[in-house]
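Below is one structure; the comments refer to it alone.
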């Protein structure tokens, strides 16, 4: 099965991890592979990318497949860039990985296994946290989704879900493009980040084809988490915009909040009580810190959602 992997980037300060991400894709064990690199409106970054991976480079000479390079004329956002990458691709399957992640050598091979053994239109895998500093003691695994990693209790192996995370997701390219690809109302746009841009694709695939995304825990990428992602204030800010993003999603796709409702119910009835019990009976100060963080993050998500409710121009704000 021929697969195209799309990797997008947009800034010089992301160039080094981007190069590592691309090199991990070039080292995949799957043979029928194309790599599509999209730079989002930054000519300086594109020149570096072309020098490193373009025609005549050592990377291109040592890779059996094709490397496609593209630079948007202006900054259009990650959702636009990924969809453009899929349009430029030629593979039956198009896979996406973030520019600050590293794929296991058999990542694509494990995704292909799902397509070859099921009739699915989409497959995604496990995003492992790769802390570039010490993991914050207060940060609970249930909230790894705040930093783009697979949280505790996300899904079982082989389960069909609405979506996996952007650093580890793939689609049959024809189906992905037939539902319009990623929604440009979502994803990073300059300094604003309307999150959960994989969800609309999953929703539209289910509506049109009756298929979700198959989760396979053996397809693994490691997502770099730099120091700022462990800052409590940054995580609160991120939680707030997650809530706002969920409001945007509810407007664009009414009735799409089932996953979030199930997560909140599980959080309030199972996760927080079990951690609170462990913290009190332990006693465990780190566990109590995690309970406090879970309450704070949940509250910030709620405030973000309310902010979205109160803004009449919520879509323009997005």
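The values are calculated or read from the model by the stated rules, or taken from the named source; none is laboratory data. All values reported here derive from a predicted model rather than from experimental measurement. Cβ sites come from the backbone with ideal geometry, for glycine too, and all protein chains shown count toward neighbours.
Tabulated values for the structure
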quantity: Number of positions in region 29-53 that are surrounded by 16 or more Cβ atoms within 10 Å (Cβ to Cβ) and free of Cβ contacts under 8 Å to residues at least 60 places away in the same chain; calculated: 16
quantity: Residue count, region 55-67 (criterion: surrounded by 17 or more Cβ atoms within 10 Å (Cβ to Cβ) and outside any helix (DSSP H, G or I)); calculated: 3
quantity: Some residue of region 72-87 being in a loop (DSSP other than H, G, I, E, B), without any contact (Cβ under 8 Å) to a residue 60 or more places away in the chain and touching a helix residue (DSSP H, G or I) at 6+ places or on another chain (Cβ under 9 Å); calculated: yes
quantity: Pair list, Cβ < 7 Å and 6+ apart or interchain, from region 13-28 residues that are in the same structural domain as residue 58 (by TED's automatic domain parsing) to residues that are surrounded by 20 or more Cβ atoms within 10 Å (Cβ to Cβ) and assigned to a helix (DSSP H, G or I); calculated: 15/45; 22/53; 28/107; 28/108
quantity: Some residue of region 106-119 being outside any helix (DSSP H, G or I) and in contact with a helix residue (DSSP H, G or I) (Cβ under 7 Å, 6 or more places away or on another chain); calculated: no
quantity: Which listed residue, of 171, 165, 182, is buried (at least 21 other Cβ atoms within 10 Å of the Cβ), under 14 Å from the mean Cα position of the chain (by Cα), under 26 Å from residue 225 (Cα atoms) and at pLDDT 95 or above; calculated: 171
quantity: In region 211-246, the residues that are in a helix (DSSP H, G or I) and either buried (at least 21 other Cβ atoms within 10 Å of the Cβ) or under 16 Å from the mean Cα position of the chain (by Cα) (or both); calculated: 229, 235, 238, 239, 241, 242, 243, 244, 245, 246
quantity: Residues of region 92-109 that turn out to be more than 18 Å from residue 130 (Cβ to Cβ) and surrounded by fewer than 23 Cβ atoms within 10 Å (Cβ to Cβ), as a count; calculated: 2
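Per-residue answers, yes or no, for (1) modelled with pLDDT of 95 or more; (2) within 19 Å of residue 183 (Cα to Cα); (3) not assigned by TED's automatic domain parsing to the domain that holds residue 38:
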{"site": "103", "(1), (2), (3)": "yes, no, no"}
{"site": "115", "(1), (2), (3)": "yes, no, no"}
{"site": "122", "(1), (2), (3)": "yes, yes, no"}
{"site": "135", "(1), (2), (3)": "no, no, no"}
